[in-house]
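No value in this document is a laboratory result; all are computed from the given coordinates. Computed from a predicted model, the values in this text were never measured in an experiment. Please note: Cβ atoms are built from the backbone with ideal geometry, for glycine as well, and neighbour counts cover all protein chains shown.
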Amino acid sequence: MAKTMRSIEFTLLSDGSSDAVLIEPLTWLLHARGCEAANGTWADLRVLRSPPRDLRARIEAALDLYPCDLLFVHRDAETKPAQARIAEINAARDGLTTVAVPVVPVRMQEAWLLIDEAALRRAAGNPNGRKPLTMPGIDDLEDIVDPKAMLHGLLREASGLQGHRLKRFNPGRQALRLGQLIEDDGALRRLPAFRRLEQQLNAYLVSMG
């Protein structure tokens, strides 16, 4: 990797604040490519008086507010084929001078965090908990209908909290912490969507020199 890639600033543009959990998987990928320092920021367009809705306008606003070396544009595939989402992003980023990489999980990105039970228990604040958790198998992650609901449910179970303390528990905040606690992301390479992202990222980084 070229000397200029030892440190990289990247911005993540997504549909909602919960998608910021992707910052950590993206950081893993950049570290795997040799970036010694990868600093990621979620593009919060809510600071604008009238946040744009058009994807191209959102990309331009993100780059204006959060200048970066690399922009990741996230869209869940949801009911559309992943390639359709990628084509949509590619069309919207056409002509940009900043490299923009599509990020399209098959389902919600929370599925990518359901790979480490020990880290999940730590994120829930109860690392020594003994309550059995029904964690999905790695090969089943892209078939989960609502991985966000599953992740939040598992975090609540792992917390061991009850009553009012459980009601005050914020699984969304703990999901962000979970991404920071997972140390080994190797299992994700068995997922087609994650491998596709890694291949695309490698190609873009090569093009950057």
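Taking label points 7 Å from Cα along the Cα-to-Cβ direction, residue 31 and residue 140 give a separation of 2.8 nm. If you look at the Cα atoms of the chain, you get an Rg and a Dmax of 17.5, 55 Å.
In deg cm²/dmol and to the nearest 500, what is the mean residue ellipticity at 222 nm of the chain if only DSSP H runs of at least 4 residues count, each as -39500 (n - 2.57), divided by the residue total?
My calculation for the chain gives -12000 deg cm²/dmol from helical runs alone.
Peptides 18-28, 36-46, ordered by how many other C-beta atoms sit within 10 Å of their residues on average, highest first, read 18-28, 36-46. Lysine pair count for the chain (Cα-Cα distance under 30 Å; residues 8 or more apart in sequence or on different chains): 4.
Relative contact order of the chain: what whole-number percent is it, with Cα pairs under 8 angstrom and at least 6 residues apart? The normalised contact order for the chain reaches 21 percent. Dipole magnitude for the chain: computed about the Cα centre from +1 point charges on Lys and Arg Cβ and -1 point charges on Asp and Glu Cβ, it is near 600 debye.
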